[in-house]
Each structure stands twice: as C-alpha cells, then as structure tokens.
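Notes for the one structure printed next.
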Amino acid sequence: MKEVKLTPKAEEDLEAVWDYSCRQFGVVQADAYIDRICRSV
C-alpha cells in the first residue's frame, strides 16, 4: 500500500472534521469518519 504524506494544512483540516464530528455525533462517529477518509487516500 502506498504511503501518503499529508500537508500540515490537510492535517489541520482533518482535525477540524474530527472536532466538528465529535461535537455533533460523538467520538465513535468522529473516529469512523476520519478512518474512512484516511483509508480513501
């Protein structure tokens, strides 16, 4: 599997997605979103 290196901005964006998702839907769903995103790139 190819390793992908995220830019600092991309990492910040993922953190923002996780923060928002956690507030709206909880930790489990936030983790699931980030996991799916990371597996897709």
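So here's what we get for this one:
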item	result
Size of electric dipole in the chain: Cβ of Lys, Arg +1 and of Asp, Glu -1, about Cα centre, debye, nearest 20	180
Residue among Val28, Thr7, Cys38 farthest towards the positive dipole end of the chain, charges placed on Cβ	Cys38
Sum of -39500 (n - 2.57) over DSSP H runs of 4+, divided by residues of the chain (222 nm, nearest 500)	-26000 deg cm²/dmol
Two-decimal Rg to Rh for the chain - Kirkwood Rh, Cα set	1.01
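Computed from the coordinates by the stated procedures, all read-outs in this text should not be read as laboratory data. In this text, all values refer to a predicted model and were calculated from it rather than measured experimentally. Neighbour counts run over all protein chains shown; Cβ positions are idealised from the backbone, glycine included.
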